[in-house]
Every structure is written in structure tokens, then in C-alpha cells.
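**Q** First the structure, which I've put down as C-alpha cells, then a few questions once you've had a look.
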Amino acid sequence: MRLCDCRFVLVTAVALCVLGGAAGALTIKGRVLLEDGKPVEGACVWLEQERSVQRCLSSAEGRFSFDNAAVRPTNVVAWKEGFCLAGRSGLPVEDMEFDLVMGPAGSVNLRVTDSNFNPVPGSRIRSMIVCDAFGVAVEDLVNHGFPELRANDKGEITLNCVPSGGFVKLVVGHHRFADSSVAYLPVREKRQDIQ
């Protein structure tokens, strides 16, 4: 057997061991807390992996747990009305435990328009990245209790779940238009128009 054949066999064997060992379900768990360390009871917590969603509510101690996660790109998002979103994104390769910390919520007010600056009612937030820290697959979470973020008749959408002083990146969609990616929208009172 040639040297390059041996390397291929070795790499293949290592990959099979890693993937075989990771084939079982992973546990992702933790706590939802306020900035002062107090637990948040009744927060919705979602685990999203490649458009598959699981949901639970945090316990009186703020605990959440998902017992059948896979080795896939993962977003874990927590939210309770009156607070900002908290979350974590990554690729779990083993059981994980971490805290999600909520703070005061700020608002991002937008108006979605077409190229002629006319409002586009019914536009929706398809996904967002909060403060460059974690992703939220909004269109996948909506069927599991996440608030629907859709424009009213004036094309206006209010995001009242972004961390105070933070920012958000968005993908906005509408069935008559191509999706628009918005790179940076800071929390501020003034309405921000996007096309």
C-alpha cells in the first residue's frame, strides 16, 4: 500500500470514529438568568438545528434542557416578554451547559419600502443575528411560539426584543420581492427605513 493510501485510510478511520461517537443524542442545558443572577421562570427557550425546532419553558430555577440535540449548527434562543433575547450559536460536539443572560429590552423601529419608497405591508423578518452573538431563525421559530415579526399596513415593524444599546442584522422577506439583507440596525427611537 502506498503512503498516500495509508493517509486516506487513517483520515477515514478517524472521521468514522468521530462521527460514530457523535451519532448519539447530545444534551444541551443551562439556565436563563437576569443580569443580577436571578433565575427567569417561564422564559421560552428554543433549540433550532437546520430548520428543526424544539421548545421548552424555563423552570422556577431558570433551568432548560434539550436531550436529543445532534452535531449540527445550532441556535439556542431564550425570550420572555419585557426582556431582551438571549442566545448562543455554535456547533455542539459534546453535551453542553451554559447560562443565557437577559437584560432590558430596547426597540428597533423599521419601515420596509420598495424601490419607489412605498410601504410593503406584510413584509416579515425571516432571520436575524443579535449583537453579532447569536442567530435567530425567526421564520422557523414562529410555528413554535416565537412572536411573528411582520409589517403592518404602513410597512412598519417594531422589534422590542433587542438588548438595550445593542444592534441587529436582519433578513427581510416578502413573497413579491427578493429578500433584503440589512447589515446593521442599532437600537434607537428614530424609525429606520429599509428597502
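**Q** Going through the range 148-169 one residue at a time, which ones are touching a residue at least 60 places away in the same chain (Cβ under 8 Å) and under 17 Å from the mean Cα position of the chain (by Cα)?
**A** Once the filter is applied, which keeps residues that are touching a residue at least 60 places away in the same chain (Cβ under 8 Å) and under 17 Å from the mean Cα position of the chain (by Cα), the range 148-169 yields CYS161, VAL162, PRO163, GLY166, VAL168.
**Q** If the Cβ limit is 7 Å and pairs must be 6+ apart or interchain, which residue in the range 171-195 that is under 14 Å from ILE125 (Cα atoms) pairs with which residue that is outside any strand (DSSP E or B) and open to solvent by 100 Å² or more (accessible area, probe 1.4 Å)?
**A** Going by the 7 Å Cβ cut-off, the qualifying pairs are SER180/GLN195.
**Q** Could you list, ordered by first residue, the pairs with Cβ atoms under 9 Å in which the first is in the range 65-82 and in contact (Cβ under 8 Å) with a residue 60 or more places away in the chain and the second is open to solvent by 60 Å² or more (accessible area, probe 1.4 Å), at least 6 apart or interchain?
**A** Note: pairs meeting the criteria are ASN75/ARG88; VAL77/ARG88.
**Q** Kindly indicate the residue of the range 165-186 that is open to solvent by 70 Å² or more (accessible area, probe 1.4 Å) and aromatic (Phe, Trp, Tyr) and also nearest to GLY155 (Cα to Cα) among those meeting that condition.
**A** The qualifying residue nearest to GLY155 (Cα to Cα) is PHE177.
**Q** Quick one: would you say GLN54 is of a type in the set (S, T, N, Q) and in contact with a Ser or Thr (Cβ under 6 Å, 6 or more places away or on another chain)?
**A** Answer is no for this residue.
**Q** Moving to a separate point now. In the range 99-117, which residue that is more than 23 Å from ALA183 (Cβ to Cβ) and open to solvent by 20 Å² or more (accessible area, probe 1.4 Å) is farthest from the chain's Cα centre (by Cα)?
**A** Top of the filtered list is PRO104.
**Q** I need every pair where a residue in the range 49-61 that is among the basic types (Lys, Arg) has its Cβ under 6 Å from the Cβ of a residue that is open to solvent by less than 50 Å² (accessible area, probe 1.4 Å) and assigned to a strand (DSSP E or B), sequence separation at least 6 or different chains.
**A** Pairs that qualify, where the first residue is among the basic types (Lys, Arg) and the partner is open to solvent by less than 50 Å² (accessible area, probe 1.4 Å) and assigned to a strand (DSSP E or B), are ARG55/TRP46.
The values are calculated or read from the model by the stated rules, or taken from the named source; none is laboratory data. What you see is a predicted model, and the numbers here were worked out from it, not measured in a lab. FYI the Cβ positions are ideal-geometry reconstructions off the backbone, even for glycines, and counts take in every protein chain you see. With ligands, DNA and RNA removed, areas are computed over all heavy atoms of the protein, side chains included. Shrake-Rupley method; radii C 1.70, N 1.55, O 1.52, S 1.80 Å.
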